[in-house]
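Enquirer: Below you'll find the structure I mean.
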Amino acid sequence: MPDMSTATTPVPFADLHAQYLSIRPEVDAAIADVIASSAFIRGPFVEKFERSFAEAMGVPHCVSCANGTDSLYIAMRALDIKPGDEVIAPAHSWISTTETITQAGGTVVFCDTDPATFTIDPAQISAKITSRTVGIIPVHLFGQPADMDPIMALAQQHGLWIIEDCAQAHLARYKGRVVGSFGNAASFSFYPGKNLGAMGDAGALLTNDTALAERMAMFARHGGLTKGEHRIEGINSRLDGLQAAVLSVKLPYLAGWTLRRQEVATLYYSLLANNPAVTIPVCGAGREHVYHLYVIQHSQRDRLATFLGSRGIQTVINYPVALPFLPAYARLEHVPTDFPVAYGHQSKILSLPIFPEMTVEQVQYVAAAINGF
Ligand SMILES: Cc1ncc(COP(=O)(O)O)c(C=O)c1O
C-alpha cells in the first residue's frame, strides 16, 4: 500500500495527492503531450477519451462536456424538454440533478428515497406521474445503483425518458449491467474527487441512441459539429484536452481503484457491524456498490463528527439539507412530512473517509474512534 506520509491529517476524507503520486510519470507525460501539441480544445486527446470511456462502459456513444452539471442540462435540452414539462427526481441528491431541470425549462417534481439504500423509491414514483411528466432522473447516489427494473418499467409504461445521474457511480452495476447503459442518456461527472476524477472540471454523457448522441454533441458545441455550421443554438460546454489526457491515463486504473474502495467498505462493515449506535450502509439485492461515499447514520451525528475531527478524522455530510428543504426550493413550499425519509436522513448521515489508497490501519483507526465514541 502507498505511503500516506503526504496526508496532512491522520485520515483525510480523500487523498488526491496520493493518487497523483501513484501515477505521476504517466500523468506528467500526458499533460506535456497536450501542451506540446497545443491540442487544448477537442482534438485527438478528447476524441481518444470519448472512445475509450464508451468502450469501458460498454455503451456505443460518449459525448464529453465541461462538467457533470452541464451533462444533465445538455441531455434535457437534447431530449427537447418544454416549459411546464415535469421531471421526477429524488429528494436526496446534489443540487445539480434538479437545478438543471429548471434551467432547461422544466418543472422539478421530487420523490422520496428508499430508507435503506438512499436511492429514489420506485414505489413512490407512480403517484408523482401526471399528464405533464416527461422523464425521471434516477441518481445512483453514493455509488449505489438505483433500483432500475421498476424505474425502467414505469418509464416504458408511461412513455417517459430516463437520464441516469451516474456522477457518483462509475462502474457500479445493477443485476450485472453497468449503470449508464439503462436510460436514454447517462450523465457523468469527473470532478477531481469522483471515482474517476480529472484535474479540474469535466463531464460526459453516454447513450445507446445515435440520433440523441448527435443532438447532445451539437448542443454542447454551439449547435453544430462542423465549425461555422450552426444547425441549432447551443452552448459552449467542452471537455478540454488536458482533462481528457489525464482521464485517459486514469481510466485503466478505475477498475482496480473501485476494488480497493470495495475492500475498504468491507473492512468498515466488519469493524462497525457490532456497534448498535451505527447504521451501516445497505446495498440492495442485485446491486454492486462502488462506494464513492461510505455513509453511516448515527443519532448523535454532529457530536460524532466533532469527536472524529478532534482525532484528525475528516468527515463530510452529503448532504446537510435534502433538496426540497433548501432555500432554492422554498417556492415549492414542501414540509418534512412530504419526504420523511430524505428529511430523516439529513440529520443522521455522515460520510466517512474512503479512497483507494486508504490503508488498513487508517480504516481501523476510524472504526476504533467511532466504536470508542
Ligand atoms: C449526484 C451528482 N450529480 C451531478 C453532479 C454534478 O457534477 P459536476 O460537479 O461535475 O458538475 C454531482 C457532482 O458533485 C453529483 O454528485
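The values are calculated or read from the model by the stated rules, or taken from the named source; none is laboratory data. Note that this is a predicted model, so its numbers are computed, not measured. So basically every Cβ, Gly included, is an ideal-geometry build from the backbone, and we count neighbours across all protein chains shown. Surface areas here come from the heavy atoms of the whole protein model, side chains and all, with no ligands, DNA or RNA. Shrake-Rupley method; radii C 1.70, N 1.55, O 1.52, S 1.80 Å.
Enquirer: Please work out how many pairs of lysine residues in the chain are eight or more positions apart (or on different chains) and have Cα atoms closer than 25 angstrom. Can you show the working numbers first?
Expert: Values: K48/K194; K48/K227; K48/K250; K82/K128; K175/K194; K194/K250; K194/K348.
The number of close lysine pairs in the chain is 7.
Enquirer: Using all Cα-Cα distances in segment 203-267, what percent lands in each 5 angstrom bin from 0 up to the longest?
Expert: 4, 15, 16, 15, 16, 12, 9, 7, 4, 2, 1, 0
Enquirer: Would you mind getting the Kirkwood hydrodynamic radius of segment 138-271 from its Cα pairs, rounded to one decimal in Å? Before the final figure, lay out each step's value.
Expert: Working: mean 1/r = 0.0606 Å⁻¹.
Across segment 138-271, the inverse of the average 1/r is 16.5 Å.
Enquirer: Also, I was wondering about something else. Where the centre of each part is set by its Cα atoms, how far does segment 55-114 sit from segment 193-224, in angstrom?
Expert: Result: 12 Å between the Cα centres.
Enquirer: So what is the relative contact order of the chain, in percent, for Cα pairs below 8 Å that sit 6 or more residues apart? Intermediate values should be presented prior to the final figure.
Expert: Numbers: 778 pairs, mean separation 82.8, N = 373.
The normalised contact order for the chain reaches 22 percent.
Enquirer: May I pose another question? In Å and on Cα atoms, what radius of gyration and Dmax does the chain show?
Expert: 20.6, 64
Enquirer: Quick one: the Cα spread of segment 40-100 along its three principal axes, in angstroms, biggest first?
Expert: 40, 22, 21
Enquirer: Skip the ligands, DNA and RNA, and give the accessible area per residue of the chain with a 1.4 Å probe, whole Å².
Expert: Working: 15140 Å² over 373 residues.
With all protein chains present, the chain gives 41 Å² per residue.
Enquirer: Given H placed 1.01 Å from N in the peptide plane, which residues other than close sequence neighbours of N318 have an amide H under 5 Å from its amide H?
Expert: Close amide H contacts, sequence-distant or interchain: S351.
Enquirer: Further, regarding this structure: What does the charge dipole of the chain about its Cα centre add up to, to the nearest 20 debye, if the Cβ of each Lys and Arg holds +1 and the Cβ of each Asp and Glu holds -1? Please report the intermediate quantities before stating the final value.
Expert: Working: 26 positive and 33 negative charges, 13 e Å.
Dipole size: approximately 60 debye.
Enquirer: What is the P(r) of segment 256-340, as percent of Cα-Cα pairs per 10 Å bin from 0?
Expert: P(r) over segment 256-340, rounded to whole percents: 13, 35, 33, 17, 2.
Enquirer: Also, I was wondering about something else. Taking R0 as 45 Å, what's the FRET efficiency between R173 and K227 from their Cβ-Cβ distance, rounded to 0.05? Mind dumping the intermediate values first?
Expert: On the way: r = 39 Å, r/R0 = 0.87.
E between R173 and K227, to the nearest 0.05, is 0.70.
Enquirer: Would you calculate, for the chain, the mean residue ellipticity at 222 nm contributed by helices, counting each DSSP H stretch of 4 or more residues as -39,500 (n - 2.57) and dividing by all residues, to the nearest 500?
Expert: Working: 12 runs with 134 residues, N = 373.
Value at 222 nm, helices only: -11000 deg cm²/dmol.
Enquirer: Taking the Cα atoms of segment 29-149, what is the range of coordinates along each of the three principal axes, in descending order and whole Å?
Expert: Taking the Cα atoms of segment 29-149, the three principal extents are 56, 34, 24 Å.
Enquirer: Where both partners of a DSSP beta bridge lie in the chain, what percent of those bridges are antiparallel, to the nearest 5? All intermediate terms of the calculation are to be shown ahead of the outcome.
Expert: On the way: 24 of 39 bridges.
Of the beta bridges lying entirely in the chain, close to 60 percent run antiparallel.
Enquirer: In whole percent, and with a 1.4 Å probe on the protein chains, what portion of the accessible area of segment 51-158 is carbon and sulfur?
Expert: Working: 1830 of 3620 Å².
Carbon-and-sulfur percentage of accessible area, whole number: 51.
Enquirer: Oh, and also: Cβ neighbours within 10 Å, averaged per peptide: list 62-71, 291-300 in order, most packed at the top. Don't skip to the answer; put the middle values down first.
Expert: Working: 62-71: 25.9, 291-300: 20.7.
Going from most to least packed, we get 62-71, 291-300.
Enquirer: Using only the alpha carbon atoms of segment 8-69, find the Kirkwood hydrodynamic radius as the inverse mean reciprocal pair distance, in angstroms to one decimal. Could the numbers behind the result be given before it?
Expert: Working: mean 1/r = 0.0703 Å⁻¹.
Hydrodynamic radius (Kirkwood, Cα only) of segment 8-69 equals 14.2 Å.
Enquirer: With r as the distance between the Cβ atoms of N371 and V321 and R0 = 30 Å, compute the FRET efficiency 1/(1 + (r/R0)^6) and round to 0.05. Don't skip to the end; give the middle numbers.
Expert: On the way: r = 29 Å, r/R0 = 0.95.
Result of the calculation: an efficiency of 0.55.
Enquirer: In whole percent, and with a 1.4 Å probe on the protein chains, what portion of the accessible area of segment 179-330 is carbon and sulfur? Don't jump to the answer; show the numbers that get you there.
Expert: On the way: 3400 of 6280 Å².
About 54 percent, which is the carbon plus sulfur part of the accessible surface.
Enquirer: For segment 309-373, what does the equivalent ellipsoid look like in terms of its semi-axes, each the square root of 5 times an eigenvalue of the Cα gyration tensor, given largest first in whole Å? Could you put the intermediate results ahead of the total?
Expert: Details: eigenvalues 214, 29, 17 Å².
Semi-axes (√(5λ), whole Å): 33, 12, 9.
Enquirer: Another one. Amide H neighbours of H61 under 5 Å, counting only residues 5+ apart in sequence or on other chains, H built in-plane at 1.01 Å?
Expert: Hits under the 5 Å cutoff: T207.
Enquirer: Take K250, K48 and sort them by solvent-accessible surface of the protein heavy atoms, 1.4 Å probe, largest at the top.
Expert: K48, K250
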